[in-house]
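Undergrad: Please read through the structure below; I'll follow up with questions.
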Amino acid sequence: IFQGTIKVGERVNESTLAAHFRTSRGPLREALQALGEQGLISFTRNRGAFVRRLSLDEAEELYDLRAALDDEVGRKLAGKLSDDQSRALEQLVNEMEANVKANDIARYYPNNLKFHDLLVVYAGNRRLADVYRRIIRELHLFRLQGLYAGGAAMSNAEHAFILRAIQ
């Protein structure tokens with residue numbers, strides 16, 4: 001799902017995946033249930049599992065929650081980043097800029113996720129990090145579509161702005 005091999009709305013074929021991972025269907029069903037709990041898979045009775053399609057309304061609600069959590073992370077970090085933390089974030093912003101220039105979304109997106117995850121880690125609140133990561137997982141497919149549609153340059157400019165504001 002994260003690599004885009006199985007697309008949004010696509011049916012997840014248990015037999016194919018079980019053969020691919022060389023496992024029985026039991027553990028695979030458990031894994032699909034876990035993905036369902038993370039908001040990545042939905043189940044339709046008598047039809048099976050599908051990669052969840054996030055509606056615009058659902059995405060907006062999740063973005064509202066994410067914005068509130070980002071605000072809290074920013075408040076906790078403002079003026080408190082260590083030199084090492086600041087350097088690590090600056091390095092990621094620079095790597096993302098190179099990814100944007102190379103139009104390499106496949107590398108940009110993981111760096112983007114790492115940037116935000118580091119901010120959450122540096123904030124030092126495990127519960128906040130757990131909730132934040134849950135929201136990020138649910139937004140994954142929606143966000144990735146936007147980056148491939150040309151939003152990476154603006155996204156990275158925002159990352160540089162976020163870092164300057166926190167510093």
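Undergrad: Averaging sequence separations of C-alpha pairs under 8 Å and six or more residues apart, then dividing by the length of region 77-167, give the relative contact order as a whole percent.
TA: The value is 49 percent.
Undergrad: With every protein chain kept in the model, how would you rank Arg143, Arg75 by accessible area, 1.4 Å probe, largest at the top?
TA: From most accessible down to least: Arg75, Arg143.
Undergrad: ³J(HN,Hα) across region 10-21 via Karplus (A = 6.51, B = -1.76, C = 1.60, θ = phi - 60°), whole Hz, x for Gly/Pro?
TA: 3J(HN,Hα) across region 10-21, in whole Hz: 6, 6, 8, 7, 4, 4, 5, 5, 4, 5, 4, 8.
Undergrad: Please list, in order along region 68-74, the HN-Hα scalar couplings obtained from phi with the Karplus expression 6.51 cos²θ - 1.76 cosθ + 1.60 (θ = phi - 60°), rounded to whole Hz, x for Gly and Pro.
TA: 5, 5, 4, 4, 5, 4, x
Undergrad: Applying the Karplus parametrisation 6.51 cos²θ - 1.76 cosθ + 1.60 with θ = phi - 60° to the phi angles of region 91-105, what ³J(HN,Hα) value in whole Hz is obtained for each residue in order, glycine and proline being reported as x?
TA: For region 91-105, the Karplus curve yields 4, 5, 4, 5, 4, 5, 5, 5, 4, 5, 4, 8, 6, 9, 5 Hz.
Undergrad: May I ask you to compute the full-extension gain from Ala78 to Ser55, defined as 0.36 nm times their residue separation minus their alpha-carbon distance, rounded to one decimal in nm?
TA: That works out to 4.9 nm of additional length.
Undergrad: Turning to a different aspect of this structure: Using every alpha carbon pair in region 38-167, what percent of pairs falls into each 5 Å bin from 0 up to the bin containing the largest distance?
TA: 2, 10, 19, 20, 20, 15, 8, 4, 2, 1, 0, 0
Undergrad: Looking only at Asn99, Asn111, Asn46, which one moves most when the chain is put into a Gaussian network model with springs between Cα atoms under 10 Å?
TA: Ranking Asn99, Asn111, Asn46 by mean-square fluctuation puts Asn46 first.
Undergrad: Still on this model: Grab the DSSP H runs of the chain that are 4 residues or longer, score each as -39,500 (n - 2.57), total them, divide by all residues and round the 222 nm result to the nearest 500 deg cm²/dmol.
TA: The helix contribution divided over the chain gives -23500 deg cm²/dmol.
Undergrad: If a/c stays under 1.5 just call it rounded; otherwise compare a/b with b/c (prolate if a/b is bigger, oblate if not). Do that for region 1-95, with a ≥ b ≥ c from the square roots of the Cα gyration tensor eigenvalues.
TA: It comes out prolate by the Cα gyration axes.
The values are calculated or read from the model by the stated rules, or taken from the named source; none is laboratory data. Values in this document were obtained by computation on a predicted structure and should not be read as measured data. The area values use the complete protein model at the heavy-atom level, side chains included, leaving out ligands, DNA and RNA. Shrake-Rupley method; radii C 1.70, N 1.55, O 1.52, S 1.80 Å.
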